[in-house]
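Working notes for the structure below.
The values are calculated or read from the model by the stated rules, or taken from the named source; none is laboratory data. Keep in mind the model is a prediction, meaning the values are calculated, not measured. For neighbour counting, all protein chains shown are included, and Cβ atoms are generated from backbone atoms with ideal geometry for every residue, glycine included.
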Amino acid sequence: MHLKKHLLFIFVIVFALGLIYFYALSDMFHPKQIASYENFTEMSEEFDASKEITEAAKKYQTLKTQAGIIKGNDKAVAKIIALTFDGMESRGNMEAILKIMTDYGWHATFFAEGVNAARNETVVRKMKQEEQLIGNYSFVGVSKAERLQPEVLLEQFCRTQKILKLVTGHEPKLFKLYDTRYTDDLLRAAKASGLDNAVQSDLDIYVRKLDNDAAMADFVAKIQQGMIVSLQLGRPAPIKYSQKKGPDTPAVDKQPTIQEKNTVQVKDVTTIEIVKNLCGRLKEKGFTVVTVNVINAGSKIHKNANPAEDAKDKKTVNN
């Protein structure tokens, strides 16, 4: 009898602890705080861009021009493509990708988030040393950025500009944003932040989706000379707008360029093996990889742009 009471008592305690644990972890009982990037904005005073953001905001109010858009060149006669790596992975993976590029003698374009560039200064400096082109991918790698207010765009651009300039000695002139329409206001905010051109891909894919021969073959078959081809190394942080209410389907918290859990099944093939495979196939097809500002220096679209600035842009090769 006493044994049964003891067992019942233990069962009640275990059940109660289970309920407490479930409550603490479950999204059903805790509303999600939407669209907050504060967790990724703690940086040293060295990277403070308050002054640059203020100056860009003033410039934005009076600016008559906007950033242009670099697209692929469908009239290219040489077998060249521009390959971009969007976002940053671990230091080891980034260094391995850089080695692949140098082994082939190729120059790619690396779009880095400010927060990751600040945490991986050595890798970013190595990109510069090996004459790879570095671009602005916003501070946390935002997506659907056309929905952001100008002041938020200016902060995303300027903070990244400040970090990349301090790390590499040069301020980027190109930027790229994932799953984003380049609206007039967005391009004007970019110009006010010191960015001359956006980059628009002809083909882009999350690198982990190329982890099997069929997917790789299908992707490579679509590549034509003169294209801008982009590999997403991570999942950019999405924009969220309001507080989630009620016990809806639990959301997945995202971090900048950290892939979503349970969305893409991770297989044994590594990112480095995928990049090696892709580059090998590109080489077999006779392609050479160049930076985006080489693929088509004349493809920039400037609305109301200054011709003198266009001429200056064409002289810019690797800033």
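Hey, Glu95 hits all of (1) surrounded by 23 or more Cβ atoms within 10 Å (Cβ to Cβ); (2) in a helix (DSSP H, G or I) but one; which does it fall short on?
Glu95 satisfies every listed condition except (1).
How many residues are touching a Phe, Trp or Tyr at 6+ places or on another chain (Cβ under 8 Å) and outside any helix (DSSP H, G or I) when one looks only at segment 179-193?
Number satisfying all stated conditions: 1.
Quick test for you: out of Glu95, Glu151, Glu146, Glu113, pick the one residue that is modelled with pLDDT of 95 or more, touching a Pro at 6+ places or on another chain (Cβ under 8 Å) and among the acidic types (Asp, Glu).
The unique qualifying residue is Glu113.
Please go through segment 121-157 and give me each residue that is without any contact (Cβ under 8 Å) to a residue 24 or more places away in the chain and farther than 17 Å from Ala56 by Cβ, ordered by number.
Gln129
When only residues in segment 49-83 that are touching a residue at least 60 places away in the same chain (Cβ under 8 Å) and of a type in the set (D, E, K, R) count, which is nearest to Arg181 (Cα to Cα)?
Lys71
Considering each residue of segment 59-82, count those that are more than 27 Å from the chain's Cα centre (by Cα) and of a type in the set (Lys, Arg), and give that number.
2
State yes or no: is Thr122 outside any loop (DSSP other than H, G, I, E, B) and farther than 15 Å from Ala49 by Cβ?
yes
Could you list, in sequence order, the residues of segment 259-284 that are at pLDDT 75 or above and exposed (fewer than 11 other Cβ atoms within 10 Å of the Cβ)?
Once the filter is applied, which keeps residues that are at pLDDT 75 or above and exposed (fewer than 11 other Cβ atoms within 10 Å of the Cβ), segment 259-284 yields only Glu284.
When you scan segment 127-153, how many residues do you find that are more than 16 Å from Ile97 (Cα to Cα), assigned to a loop (DSSP other than H, G, I, E, B) and not aliphatic (A, V, I, L, M)?
6
Do we find that Ala117 is touching a Phe, Trp or Tyr at 6+ places or on another chain (Cβ under 8 Å) and aliphatic (A, V, I, L, M) in this structure?
So Ala117 does not fit the description; no.
Could you list, in sequence order, the residues of segment 209-224 that are β-branched (Val, Ile, Thr) and in a loop (DSSP other than H, G, I, E, B)?
Ile223
It is to be established whether one or more residues within segment 154-173 are outside any helix (DSSP H, G or I), within 12 Å of the chain's Cα centre (by Cα) and among the small types (Gly, Ala, Ser).
Checked segment 154-173: no residue is outside any helix (DSSP H, G or I), within 12 Å of the chain's Cα centre (by Cα) and among the small types (Gly, Ala, Ser).
Can you name the residue in segment 170-179 that is of a type outside the set (Lys, Arg) and surrounded by 20 or more Cβ atoms within 10 Å (Cβ to Cβ) and, of all such residues, is farthest from Ile205 (Cα to Cα)?
Top of the filtered list is Pro172.
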